[in-house]
Ligand code: FRU
């Protein structure tokens with residue numbers, strides 16, 4: 001393996017080379033999954049002329065990278081770049097549209113429309129830009145012309161009007177602006193409530209995503225089709241996700257949406273503090289979801305950026321990954337969005353290279369190696385059982401924010417009473433290199449608090465990325481790592497307990513992961 005290939009992943013979505021950022025317009029159409037993405041065809045850093053890359057798949061794991069770029073700068077309205085956007089499938093004639101942001105000749109951001117050249121081609125290789133482009137320009141006074149981008153998937157209200165949200169900024173205010181249209185081509189600000197959501201101090205509200213979730217406690221998804229569930233706040237809630245530019249993180253709101261009035265009343269707030277609900281506490285940004293008609297679920301894609309230097313990226317010849325697609329649903333408490341790697345990931349588990357540990361006592365201060373799998377490329381699920389919790393330490397309020405705890409490299413090795421315990425992934429034999437995914441239990445005035453959890457945890461390790469899903473999917477943390485020692489066969493996986501109390505591994509299953517297939521066409 002060439003040194004610069006050590007960090008290329010084996011089952012995460014990556015183009016063959018160059019820079020990739022946001023996932024764009026994911027959809028399921030004519031039995032094919034489509035993923036478009038922000039791509040620089042000219043190199044491994046963000047480019048002056050961003051295009052949409054395009055890949056297709058039958059199972060969201062193995063991909064065909066299409067050589068043709070469906071959108072590239074060509075007209076005055078997108079000459080400086082084809083930025084992020086979404087697809088919408090018109091139910092009446094099954095016609096897909098792309099709405100995307102053009103960075104125009106004056107460096108203003110405008111919204112454009114594109115249609116497939118041949119809707120019969122299941123791969124939808126070629127797209128035509130609409131002659132009326134740009135179809136939406138920035139509403140002066142309301143938003144800054146250079147900060148008006150990333151249209152969502154559109155949806156139709158019971159009044160028959162199409163609606164779309166566009167991200168924006170005006171000074172300190174991040175905005176989600178709502179538009180209406182009768183025909184998908186001519187759009188005007190919503191006459192009911194065009195400032196759909198406004199948040200102070202977040203910078204640009206990038207890549208908004210707005211979608212319904214069922215409140216029945218199941219994992220089923222629901223489409224943005226209001227003909228059946230119009231205003232049914234007894235059946236659904238809505239999630240408004242925004243990419244918080246100043247923090248480079250994904251924050252979300254859960255609330256009730258009254259379509260006729262274009263009103264969204266969220267139950268939580270975005271405050272920029274540790275109390276906010278986030279899709280991920282690590283490196284995960286510009287996410288976008290779609291309704292998967294094949295499996296009646298909502299699937300979320302998100303961009304996982306590099307943490308090495310631009311120089312490293314140029315040497316590697318690539319930058320940027322997409323996280324494993326996540327199924328998302330609403331927790332039965334109606335407050336939290338839950339996320340779990342889609343079930344297709346399990347098809348890449350190598351059943352000949354699997355280990356299980358059941359009912360193993362992990363004594364205080366001990367480490368146990370999980371051997372028999374390829375630790376650089378693995379899928380791990382684990383459940384810990386805890387001793388009686390009375391002895392847990394009191395929580396130091398400075399440490400409530402998992403973000404801070406998790407970014408503190410020394411934290412896992414500090415000895416508490418119950419925990420830290422957990423896994424050491426991509427670890428070198430001498431443990432000088434490792435990434436700890438750990439838990440620790442505290443007492444708080446209201447009971448016990450756990451960072452991150454005791455329920456089922458899933459960890460996907462793939463050479464330079466570790467994605468952790470704790471508490472059955474309530475807490476997600478995506479990390480990038482660039483091991484120097486713990487690569488290939490020299491990567492190891494351990495379970496550790498640096499607390500003063502024993503804990504029990506009630507169940508641990510780990511699999512080596514096979515490579516996903518990526519072909520060029
Ligand atoms: C988010 C973002 C979007 C924009 C795109 C450009 O990462 O800045 O707001 O459309 O990237 O590539």
Report summary line: Of the convex hull enclosing the alpha-carbon atoms of the range 237-348, the direction-averaged projected area in nm² is 9.7 nm²
Query raised in the report: For residue 258 and residue 432 in one chain, what is 0.36 nm times their gap in residues minus the Cα-Cα distance, to one decimal in nm?
Result: 57.2 nm
Query raised in the report: What is the calculated FRET efficiency for residue 234 to residue 193, with r their C-beta to C-beta distance and R₀ = 25 Å, to the nearest 0.05?
Result: 0.70
Query - Distance histogram for the range 287-334 (every C-alpha pair counted, 10 angstrom bins, percent rounded to whole numbers) - result: 23, 33, 24, 16, 4
Requested in this report: Counting other beta carbons within 10 Å of each Cβ, put 20, 115, 338 in order, fewest first.
Outcome: 115, 338, 20
Query raised in the report: Given the convex hull over the Cα atoms of the chain, what projected area results after averaging over all orientations, in nm²?
Result: 23.3 nm²
Query raised in the report: Tell me, how many Å apart are the Cα centres for the range 1-74 and for the range 262-310?
Result: 19 Å
**Report entry** Full-stretch length increase - residue 363, residue 76 - with 0.36 nm per residue and alpha-carbon distance subtracted
**Finding:** 96.7 nm
Query raised in the report: Once the Cβ-Cβ distance between residue 482 and residue 353 is put in as r, and R0 is 35 Å, what FRET efficiency do you end up with, to the nearest 0.05?
Result: 0.90
Report task. Using the number of other C-beta atoms within 10 angstrom as an exposure proxy, rank 309, 271 with the fewest first. Result -> 309, 271
Report summary line: To the nearest 0.05, the calculated FRET efficiency linking residue 335 and residue 93 through their beta-carbon distance, R0 being 30 Å, is 0.20
Report summary line: With the convex hull built on the alpha-carbon atoms of the range 170-329, volume per residue in Å³ sits at 162 Å³
Requested in this report: Please arrange 468, 376 by counting, for each residue, the other beta carbons lying within 10 Å of its beta carbon, fewest first.
Outcome: 376, 468
Report summary line: Simple spin-label estimate for residue 310/residue 58, 7 Å along Cα→Cβ, in nm, reads 4.2 nm
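Values quoted throughout were computed directly from the atomic coordinates according to the rules given, and no laboratory measurement underlies them. Bear in mind the structure is a predicted one, so any value in this text is a computation, not a measurement. Note: ideal-geometry Cβ built from the backbone for every residue, glycine included; neighbour counts use all protein chains shown.
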